[in-house]
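Only the coordinates and a few stated rules stand behind these numbers; no lab work does. If you're wondering where the values come from, they're calculated on a predicted model, not measured in any experiment. Methodologically, a virtual Cβ is constructed for each residue, glycine included, from the backbone with ideal geometry; neighbour enumeration extends over all protein chains shown.
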Amino acid sequence: MQQSAADSPCAEWIDRIGLPLVQGFTAFWHENDGKAVEILLPVRHFCGVFGGSHAQRDIIDLTLIEAASRGGARDIHQSLVNERLAQRPYSRMTAGFLSPGQSSA
């Protein structure tokens, strides 16, 4: 029996990860930062399934950090920055996300 396109693993990936990414980036583009955070945060750890380079996948976390900052989600922003600091302690880009008075060391 042939599987329909709607029942394929690709269709499931599109529904669970692909569509939320598009919606989250669209919300960010339209400066609806709270919505962008709400949509992107739950799917960020599942984005490795679609491949791409680390830098290409990194744009999701970078977008989340910026959306959380612009949208006033301070706790989420700080958590994402701290996570990034733990992974990249010497990153100048990450240090730029710190609040004034914070140190990356």
Just to compare against my own numbers: the Cα pair-distance distribution for the chain, 5 Å bins, whole % per bin, please. 2, 12, 20, 20, 18, 12, 6, 4, 3, 2, 1, 0, 0
For the chain, what is the mean residue ellipticity at 222 nm derived from helices alone (per DSSP H run of n ≥ 4: -39500 (n - 2.57); sum divided by total residues; nearest 500 deg cm²/dmol)? -16500 deg cm²/dmol
Förster-model FRET efficiency, 35 Å R0, E31 and S8, C-beta, rounded to 0.05: 0.50
Rounded to 0.05, the calculated FRET efficiency for the beta carbons of D58 and S79 at R₀ = 22 Å is 0.85
Could you point to the residue in G48, G71, L85 farthest towards the positive end of the range 9-95's charge dipole, with +1 and -1 charges on the Cβ of Lys/Arg and Asp/Glu respectively? L85
Report the residue, chosen from V81, V49, V22, that carries the largest GNM mean-square fluctuation when the chain is represented by alpha-carbon nodes joined by springs under 10 Å. V49
Average Cα contact separation per residue, the chain, under 8 Å, 6 or more apart, as relative contact order %: 18
